[in-house]
């Protein structure tokens with residue numbers, strides 16, 4: 001029991017709740033505003049205008065579900081040029097054009113040895 005807690009108990013007062021301090025962020029770690037020319041090409045307005053209106057972007061989770069491939073196999077195939085490359089949507093986000101993945105799936109043989 002701390003000194004403050006003993007004093008509060010002896011005087012019949014409630015023990016004060018400890019207040020949590022908010023961690024302060026260093027100025028270098030604060031998010032900064034991004035200028036339009038710094039955006040990846042995949043999210044600039046001119047790129048979006050060039051896509052067909054019904055085009056979908058698929059995440060890695062969707063790609064894995066549709067192809068049955070593991071994440072590491074997908075990235076291995078991309079590095080070897082066997083699978084469509086992903087598009088950069090943001091600093092930590094990528095997606096694939098659904099039409100490219102569908103075309104890749106259609107190009108695969110239906111059964112082994114036939």
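The values are calculated or read from the model by the stated rules, or taken from the named source; none is laboratory data. Everything numeric here is computed off the predicted structure, so don't read it as measured data. Cβ: placed from backbone, ideal geometry, glycine included. Neighbour counts: every protein chain shown.
Overview of values
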| read-out | value |
| --- | --- |
| Candidate set: region 81-92, residues that are surrounded by 14 or more Cβ atoms within 10 Å (Cβ to Cβ) and outside any loop (DSSP other than H, G, I, E, B); chosen: the one modelled with the lowest pLDDT | 89 |
| Criterion (modelled with pLDDT of 90 or more and in contact with a strand residue (DSSP E or B) (Cβ under 6 Å, 6 or more places away or on another chain)) met by exactly one of 95, 65 | 95 |
| Output for region 41-59, where each listed residue is surrounded by 15 or more Cβ atoms within 10 Å (Cβ to Cβ) and either at pLDDT 65 or above or under 18 Å from residue 108 (Cβ atoms) (or both) | 57, 58 |
